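Notes follow once the structure below has been shown.
The values are calculated or read from the model by the stated rules, or taken from the named source; none is laboratory data. On a predicted model such as this, the values are computed, not experimentally measured, just so you know. With ideal geometry, Cβ positions are generated from the backbone for all residues, glycine too; neighbour counts draw on all protein chains shown. Note: accessible area is taken over every heavy atom of the protein model, side chains too, but ligands, DNA and RNA are not part of it. Shrake-Rupley method; radii C 1.70, N 1.55, O 1.52, S 1.80 Å.
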Amino acid sequence: MPRNWDQIAESTEGKYVPSDFKQAMYQMVVGQCLYARFQRQAVSYRLISTYRKEFKEALDLMGLELGFNDSLQYCYVRQDTSKLIPMDLQETFFLVTLRKLYHSRASVGDLTAEGDARVGIEEFETHFKELAKRDFDKRGGSLRELLKASKAKGLAREIEPEDGDPQPFAISINPGIVDILSEYALNRFSADLKVEVSKGEHLIDHPKTDSAGVKP
């Protein structure tokens, strides 16, 4: 990769300028997962997908691994799970619950055409309680607040409930959660959770980055 994006931009004959590459790079690092189907991510996704080698080399210098799921048209970055910094325990339980729910849906083929798993609030809270051995504590951040943060990372988002569902919203878990929380990471986190629950301490999986708060 060149020292900057100027040379690559010049090779596009005016289609892109250096700032386009910088913006895509920033959005990739901050966003964690980018999907072709989401309007605000599509341009960056296509640019990164077109120049995979260059972006992989640039992200490697930051200690991040760039990956792609071509069938579902998304890309993601993650960091080596051996290099972690603390995350709030409630958020950890939240993400691991989503990951387990996604696996449950995927194992029986109950996914949307885009690869999403849709679950209701009550189902989420039931699985959260089974994992955490306690009810979901809204004082640690409402479900909507946690979903808002997860949406920014391309992991899950709030959606409209199905007709007849009295709940105010439902949850759509994006396929990128499988890549961000790999089986290795999930097994490690689950083991660590058993220890940390008794301590009431913090845990897990944010890479050391800038103030944008990027996660692996």
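Details
- Expressed as a whole percent, the accessible area of the stretch 1-120 that falls on carbon and sulfur atoms is 46 (1.4 Å probe).
- The stretch 103-185: GluC sites (Glu not before Pro) in DSSP coil with no more than 16 other Cβ atoms inside 10 Å: Glu114, Glu162
- Spin-label pair Val43/Gln167, simplified geometry with 7 Å Cα→Cβ offset, distance in nm: 3.5 nm
- Contact order relative to length of the stretch 8-71, as percent, for alpha carbon pairs under 8 angstrom and 6 or more apart: 19 percent
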